[in-house]
Amino acid sequence: MNYVFYDFETTGTNRFFDQPVQIAAILVNEEFEILDQINEKCKLKDGIVPYPEALLINKVNTETLKNAQSFFKMMDIVHKKFSEWSPATFIGYNSIFFDEVVLRQSLYQSLYDPYITNTNNNRRADLYNIILGLARLNVDLIKIGFNPNTEKESFKLEYLAQANNIEQKTAHDALSDVHATIGLAKLIKLKYPEYWNQCMSISHVQGFRDYLETDNVFVRAPSHPSHKYKPISYLTHNPNNLKELAFFDLENNAEDHYDSRVQKIISLIENKNKIIKLIYINQSPIILNSDYIKETKIFSDIELNKFKLQSQNLSKQESFINNLNQALVDRQDDRAVNQAVPTELEAQIYSGFSSNQDKEKMKNFKNCTELEKKYIMSKEFKDPRLREIAYRIIYAESPEILSKQQLKDRKNFIAEKALSKEEKVDWCTIDKAKKDISKLKENDKYQNQKEFIDEIEKYIFSEEKRYKEYLIS
């Protein structure tokens with residue numbers, strides 16, 4: 001199966017409200033030969049205010065923010081390419097909890113199905129998780145990065161690339177970061193193909209489930225540099241969520257918990273020690289069976305035999321596992337009841353799936369070139385989220401089809417959010433951007449970028465003026 005390596009540069013770190021301004025992706029085969037690539041930049045959507053520090057890091061200039069292609073045209077290109085490249089394994093660096101969410105959000109806000117990387121036989125993996133796992137296997141196959149500012153080891157992409165002599169022309173440029181990610185992945189596959197292939201085999205739900213049948217004792221790779229491998233034994237999955245798996249931490253005494261009732265089991269899941277650990281298959285976790293324990297000496301043979309015996313006894317505790325199943329269901333139900341429905345469209349991405357009828361209408365809307373017809377189609381979605389997204393696309397791409405009053409109302413809506421004085425709103429406002437600029441000017445770290453900071457400040461002031469004019473137009 002081919003691989004798609006990808007990376008985003010964004011206006012900030014909020015996965016729901018910030019926007020990608022650069023998306024780069026490279027399609028390679030299993031030998032890492034480049035087959036195709038994209039490197040797209042876009043201007044900001046009306047109403048998006050960038051965090052100045054984010055611009056300093058990713059070096060996206062203000063001319064791009066004002067005059068590049070639209071966000072929606074960029075996402076049309078990305079969706080088209082990702083669809084053409086499928087099926088493939090989509091890989092980013094530290095991507096599962098950021099780039100992957102930003103990608104879904106961007107597709108959702110562009111009226112595309114957001115789950116492109118884990119549907120239609122696609123798979124996804126996170127090279128950060130893979131490297132963390134490899135680094136703690138007691139095998140000297142990859143050099144850990146070194147941050148000269150903190151004088152400590154670092155798993156940041158730029159420092160890993162430097163340590164392993166992998167070319168990275170410009171850190172925090174999406175295309176350069178993709179090349180560095182490919183270089184590290186290629187290095188791992190070359191030096192330890194068994195480990196690489198293992199990580200790829202569990203990069204999808206069925207592969208992960210099949211792997212659970214190979215043993216009764218596993219180790220879970222660390223998800224943070226300060227963590228270590230944990231010996232675990234698979235117990236069950238949430239009856240209402242097949243991707244939520246429950247494991248017992250074998251460094252604890254299982255017999256102490258055999259008689260636990262539902263509420264006690266919930267505490268075992270939620271307490272600080274997390275004696276019962278939940279693993280979500282769709283978050284690209286890395287687990288390894290006991291063969292790796294023997295090979296790398298993560299644990300001694302005596303410890304391994306103890307883990308195996310405890311795991312065998314656990315599998316016989318039907319009452320405990322039944323109570324665990326109920327605990328998993330109860331926790332999920334409690335979250336559903338207590339979770340308020342988000343008020344902002346951006347945060348509603350997981351508030352239900354689109355119907356098949358609406359999915360068909362999404363395709364028809366995207367393919368329609370007649371503006372009058374497209375406007376009518378925007379009102380025909382059953383899902384109110386999709387109606388609002390379609391309206392936003394029309395406003396951005398074809399504002400001439402809207403009446404003066406509609407344009408005024410939309411501009412007022414946009415300006416009120418951008419000019420909000422509320423500090424606690426989730427998105428960046430003009431006020432937040434101004435405060436960010438003040439901090440940057442006082443930060444010695446950015447003293448050599450004063451000219452760029454001035455350029456960003458000038459841009460923010462011009463945006464403030466524009467949004468204020470929206471309120472009086």
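FYI, it's all coordinate maths here, none of it is from the lab. Worth saying up front: this structure is predicted, and the values here are computed from it rather than measured. All Cβ positions, even for glycine, are placed from backbone atoms using ideal geometry, and neighbour counts span all protein chains on display.
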**OP:** Go through 337-343, 262-268, 9-15 and give me the packing order, highest mean Cβ count within 10 Å leading.
**Re:** 9-15, 262-268, 337-343
**OP:** Give, rounded to the nearest 20 debye, the magnitude of the charge dipole that the stretch 1-157 has about its Cα centre when Lys and Arg contribute +1 at Cβ and Asp and Glu contribute -1 at Cβ.
**Re:** 320 debye
Original post:
With N residues in the stretch 47-202, what two-decimal value do you get for its Cα radius of gyration over 2.2 N^0.38 Å?
Top reply: 1.15
Original post:
What residue among 165, 185, 231 has its Cα farthest toward the positive end of the dipole of the stretch 135-265, where the charges are +1 on Lys, Arg and -1 on Asp, Glu, each on the Cβ?
Top reply: 165
Original post:
What lysines sit close enough to residue 316 to cross-link, taking a C-alpha to C-alpha distance under 24 Å and skipping anything fewer than 8 places away on the same chain?
Top reply: 230, 243, 264, 274, 277, 306, 308
**OP:** Please give the contour-minus-distance gain from residue 412 to residue 243: 0.36 nm per residue of separation, less the Cα-Cα distance, rounded to one decimal in nm.
**Re:** 56.6 nm
Subject >> For the stretch 3-195: relative contact order, % (alpha-carbon pairs under 8 angstrom, 6 or more apart) >> reply: 22 percent
Original post:
Is the shape of the stretch 249-296 rounded, prolate or oblate, going by the alpha carbon gyration tensor and its root eigenvalues a ≥ b ≥ c, with a/c under 1.5 for rounded and a/b larger than b/c for prolate?
Top reply: oblate
**OP:** Would you mind telling me the antiparallel percentage of the DSSP bridges in the stretch 3-195, rounded to 5?
**Re:** 70 percent
Subject >> Stokes-Einstein diffusion coefficient of the stretch 205-338, Kirkwood radius over Cα pairs, 10 °C, 1.306 mPa s, in µm²/s >> reply: 104 µm²/s
Original post:
Taking the Cα centre of the stretch 165-312 as the origin, how large is its charge dipole in debye, to the nearest 20, when only Lys and Arg (+1) and Asp and Glu (-1) carry charge on their Cβ atoms?
Top reply: 200 debye
Subject >> residue 405-residue 224 FRET efficiency (beta carbon distance; Förster radius 56 Å; 0.05 resolution) >> reply: 0.60
Original post:
Once every DSSP H run of n ≥ 4 in the chain is given -39500 (n - 2.57) and the sum is divided by its residues, what mean residue ellipticity at 222 nm do you get, rounded to the nearest 500 deg cm²/dmol?
Top reply: -14500 deg cm²/dmol
Subject >> Calculated Rg and Dmax of the chain using C-alpha coordinates, Å >> reply: 24.7, 77
**OP:** Mind putting a number on the dipole of the chain about its Cα centre? Charges go on the C-beta only, +1 for Lys and Arg and -1 for Asp and Glu, and I need it in Debye to the nearest 20.
**Re:** 760 debye
Subject >> Inter-label distance, nm, simple model (7 Å from Cα along the C-beta direction), residue 337/residue 368 >> reply: 4.3 nm
Subject >> Beta bridge orientation in the chain: antiparallel %, DSSP, nearest 5 >> reply: 85 percent
